[in-house]
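The structure appears right after this line, and notes come after that.
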2 protein chains.
Amino acid sequence: MAREMVDARGMRAWRQLLRAHAHVTRLLEAELDAAHHLPLAFYDVLVQLSEAPGHQLRMSELAHKVLLSRSGLTRLVDRMEREGLVERRSCPSDARGTLATLTDAGFSRLRDASGTHLRGVARHVLSHFTPEEQDIIAELLGRLGDPEIAPAVH
Amino acid sequence: MAREMVDARGMRAWRQLLRAHAHVTRLLEAELDAAHHLPLAFYDVLVQLSEAPGHQLRMSELAHKVLLSRSGLTRLVDRMEREGLVERRSCPSDARGTLATLTDAGFSRLRDASGTHLRGVARHVLSHFTPEEQDIIAELLGRLGDPEIAPAVH
């Protein structure tokens, strides 16, 4: 089974990454849902649009930033548009392009939810590490990410 | 927006964790699909059952191990049962319990796919780190996981 290439030590690191991600995202999702009825995926789209110039992004750029396939993002934006949180607009500089734009309601929803989310990130993630350990995590895990996606900073 | 609790340094660590997880799981999922038409979620269930005594687990235990809700696991096992990879059996020691059992076909499918998956973990994850760095990742991220889930070791 090709196990010789992944020893117990490496497998332990990999599984801890999976567990940490699953456990923390589940907690954050539950808190956002309980306090704001907002799925974590919605929150991520709202953050990305709020940080973009003019509060809008091409659908292809947005898909890249929220780490979804184009078809996955289309379904997500459909749901968010029905709730009035985003709008689709045609892109003036590209006849085939579509822009996703944050609405006032979407921005307001993000503002309401961000306290809950950031308190959750602080409590469930960052409180477990010193600032130096946070740098180590960023440096090590930064080697794994897609080099084309620069992480935005709040 | 309560940003004072999560500074840029902490947010960078958190976002690198999300990016690393998303990028790597997308690569592993694509490779398993291309070579074996096997979703990563199927693979995870097959591994957990293959490591369990008698190749079976209660549905509640399995949900916990694969980090899914009970309803999410029910849908997943439905799909895997239709492909003949697992079977449901009633639990002899608990009239209300249901066991998920690995079938011979499921074990064979896991054996075929594990080389692809483990090569992917080696290449996309572990090759970026020294053994000492793997230990650091396991120790740091181990602080975040659910303490009730002990990570299995291949």
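The values are calculated or read from the model by the stated rules, or taken from the named source; none is laboratory data. The shown structure was predicted, so the numbers you read here are calculated from the model rather than taken from an experiment. Cβ atoms come from the backbone with ideal geometry, glycine included; neighbour counts cover every protein chain shown. Please note that ligands, DNA and RNA were not included when accessible areas were found on the heavy atoms of the full protein model with its side chains. Shrake-Rupley method; radii C 1.70, N 1.55, O 1.52, S 1.80 Å.
Computed quantities for the displayed model
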quantity	calculated
Calculated label separations, residue A:104, copies of the chain, 7 Å along the beta-carbon direction, nm	6.8
Table column - 3J(HN,Hα) (Hz), the stretch A:57-73, Karplus curve with 6.51, -1.76, 1.60, x for Gly and Pro	9, 4, 4, 5, 5, 5, 4, 4, 5, 8, 6, 10, 5, 4, 5, x, 5
Those residues of the stretch B:44-75 whose amide nitrogen sits under 15 Å from the label point placed on residue B:101, 7 Å along Cα→Cβ	B:49-50, B:52-59
Euclidean distance of C-alpha centroids, the stretch B:7-33 and the stretch B:89-149, integer Å	18
Per-residue ³J(HN,Hα) for the stretch A:76-85, Karplus 6.51 cos²θ - 1.76 cosθ + 1.60, θ = phi - 60°, Hz, x for Gly and Pro	5, 5, 3, 5, 6, 5, 4, 8, x, 8
Selection from B:144, A:129, B:130, by position along the positive dipole direction of the protein assembly as shown (Cβ)	B:144
Folded to 0 to 90 degrees: helix A:131-142 orientation relative to chain A principal axis, Cα	80
Exposed-loop-free span, longest in chain A, where GluC sites (Glu not before Pro) count as exposed if DSSP calls them loop and at most 16 other C-beta atoms lie within 10 Å	A:1-82
Pairwise burial B:A, computed as accessible area of each alone minus the pair, summed, 1.4 Å, Å²	6500
For A:19-28, mean number of other protein chain Cβ atoms within 10 Å	6
For residue B:53, label point 7 Å along C-beta direction: distances to other copies, nm	6.4
Size descriptor, Kirkwood hydrodynamic radius, that averages inverse alpha-carbon separations across the stretch B:20-127, Å	14.3
At 7 Å out from Cα toward Cβ: residue A:35 inter-copy label distances (nm, ascending)	4.3
Length-normalised contact order for the stretch B:20-127 - Cα pairs under 8 Å, 6+ apart - percent	32
Residues of the protein assembly as shown: accessible area per residue with a 1.4 Å probe, Å²	48
Cβ neighbours within 10 Å from other chains - mean over A:118-131	5
Cut-off of 10 Å, at most 14 other beta carbons, DSSP loop: longest stretch of chain A lacking such trypsin sites (Lys or Arg not before Pro)	A:1-95
Segment residue B:25-residue B:132, extension gain: residue separation times 0.36 nm, minus the distance between their alpha carbons	36.2 nm
Assigned charges on the beta-carbon of Lys, Arg, Asp, Glu; the protein assembly as shown dipole about Cα centre (debye)	560
Residue of chain B nearest the B-to-A rotation axis [by Cβ], rounded angstrom distance	B:21, 2
Calculated from backbone phi, Karplus (6.51, -1.76, 1.60) coupling profile of the stretch A:22-29 in Hz, x at Gly/Pro	5, 5, 5, 5, 5, 5, 5, 4
